[in-house]
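S.K.: The structure that follows is given in the form of structure tokens.
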Amino acid sequence: MDMTILLVDDERQVLDGILHGVNFSSLGFTRILTARSGEEAQDIILKEKIDILVTDIEMADLSGLGLLEWIRDNGYRILTIYCTAFRNFDYARKAVELHAYDYFLKPVSYAELTRKLIDAVQALGVQLPSNNTSSAGNEPPAPSGKRVRIAIQTVCQYIDNHLSEELTRASLAGLVYMNPDYLGSLFKEQMHCSITMYIQQKRLEHAKNMLVNTELSISQIAELVGYDNISYFSKLFRQKVGCQPGEYRRGIRPETTVPDQSEYSDRKE
């Protein structure tokens, strides 16, 4: 049986991520259509037979809830899964009232979405392709070694160029169309440290360089490397470098970096 899935989200990055992160052909889908708005999705549904719909809820013109209400009012039988960034009980209740099949939260876990799509396909009475022998624990196909290297390089370059900004695993994962947990695992495997520790190391390296080569105040330097709390910055600097920022500037430095006795987390990640 040929199946068509429609993906609806007003963020291009989210759609691209799902297209890259889920192996739709292994789930039996022969056509994958996308829409950037509820109204565009309506136009597609009027022209095409859609079996499964994966849609955001909050969209500018027509919400995902409004879209499903329109689908029900017009008699279309489309199995619908919601993907939203909002933990809103009213949304969840309305989704149940409209007989949505499932509901989950962003950031998108492609493994989780794959499992939900397996369940949805089976709920339609469709047998999965014979080459898909996995159960609900199915994982999306692993990216190639080249793609992994490019993804990690992209993330590292972005971090290096945006040290003053808030950096989270979710936002970094969005750059390379990966699930945050999966990116974290690949990053640690390639770089031999966590994303948090990499960000922290780069921030401190940049801070040390500015302490030696500029006349900026310590509070200005702290802000430029992403720390708006100078007390936290000074405490972290002393723990990781072995002296206070002011001492480092004056050349009063330990011969070696103090061993890291604990995972002193970087609050910015």
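S.K.: Take the residues of the stretch 9-40 that are at pLDDT below 95 and of a type in the set (Val, Ile, Thr): which is farthest from Ala85 (Cα to Cα)?
M.R.: Thr30
S.K.: Tell me whether the stretch 180-191 contains one or more residues that are within 19 Å of Gln244 (Cβ to Cβ), in contact with a helix residue (DSSP H, G or I) (Cβ under 9 Å, 6 or more places away or on another chain) and free of Cβ contacts under 8 Å to residues at least 12 places away in the same chain. Reasoning before the result, please.
M.R.: Narrowing the stretch 180-191 to residues within 19 Å of Gln244 (Cβ to Cβ): none.
Looking for residues that are within 19 Å of Gln244 (Cβ to Cβ), in contact with a helix residue (DSSP H, G or I) (Cβ under 9 Å, 6 or more places away or on another chain) and free of Cβ contacts under 8 Å to residues at least 12 places away in the same chain, one finds none in the stretch 180-191, hence no.
S.K.: So Asp43 ticks every box in (1) at pLDDT 90 or above; (2) in contact with a Lys or Arg (Cβ under 8 Å, 6 or more places away or on another chain) but one. Which box is left unticked?
M.R.: Here Asp43 clears every test but (2).
S.K.: Which count do you get for residues in the stretch 1-22 that are touching a Phe, Trp or Tyr at 6+ places or on another chain (Cβ under 9 Å) and within 28 Å of Gly125 (Cβ to Cβ)?
M.R.: Qualifying residue count, the stretch 1-22: 8.
S.K.: Regarding Leu113, is this residue free of Cβ contacts under 8 Å to residues at least 40 places away in the same chain and part of a helix (DSSP H, G or I)? Even if it seems obvious, please write down each step before you answer.
M.R.: Details: free of Cβ contacts under 8 Å to residues at least 40 places away in the same chain: no; part of a helix (DSSP H, G or I): yes.
The answer is no for Leu113.
S.K.: When residues of the stretch 153-169 are filtered for being closer than 7 Å to Gly226 by Cβ and hydroxyl-bearing (Ser, Thr, Tyr), how many remain?
M.R.: The total comes to 1.
S.K.: Hey, another quick one. Checking Leu216 against (1) closer than 30 Å to Leu15 by Cα; (2) in a loop (DSSP other than H, G, I, E, B), which single condition isn't satisfied?
M.R.: (1)
S.K.: How about the stretch 29-96: which strands (runs of 3 or more DSSP E) wholly inside it have at least 3 residues that are under 21 Å from Ala123 (Cα atoms) and touching a residue at least 40 places away in the same chain (Cβ under 8 Å)? Break it down stepwise before answering.
M.R.: On the way: elements: 29-35, 52-55, 79-84.
By residue number, 52-55.
Here is a yes/no grid of residues against (1) buried (at least 16 other Cβ atoms within 10 Å of the Cβ); (2) among the hydroxyl-bearing types (Ser, Thr, Tyr); (3) farther than 21 Å from Ile45 by Cα; (4) not assigned by TED's automatic domain parsing to the domain that holds Leu27:
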residue: Tyr76; (1), (2), (3), (4): no, yes, no, no
residue: Ile81; (1), (2), (3), (4): yes, no, no, no
residue: Ala85; (1), (2), (3), (4): no, no, yes, no
residue: Asp90; (1), (2), (3), (4): no, no, yes, no
residue: Arg93; (1), (2), (3), (4): no, no, yes, no
residue: Leu98; (1), (2), (3), (4): yes, no, no, no
residue: Asp102; (1), (2), (3), (4): yes, no, no, no
residue: Tyr110; (1), (2), (3), (4): yes, yes, yes, no
residue: Arg115; (1), (2), (3), (4): yes, no, yes, no
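The values are calculated or read from the model by the stated rules, or taken from the named source; none is laboratory data. Not measured: the values here are computed from a predicted model. Cβ sites come from the backbone with ideal geometry, for glycine too, and all protein chains shown count toward neighbours.
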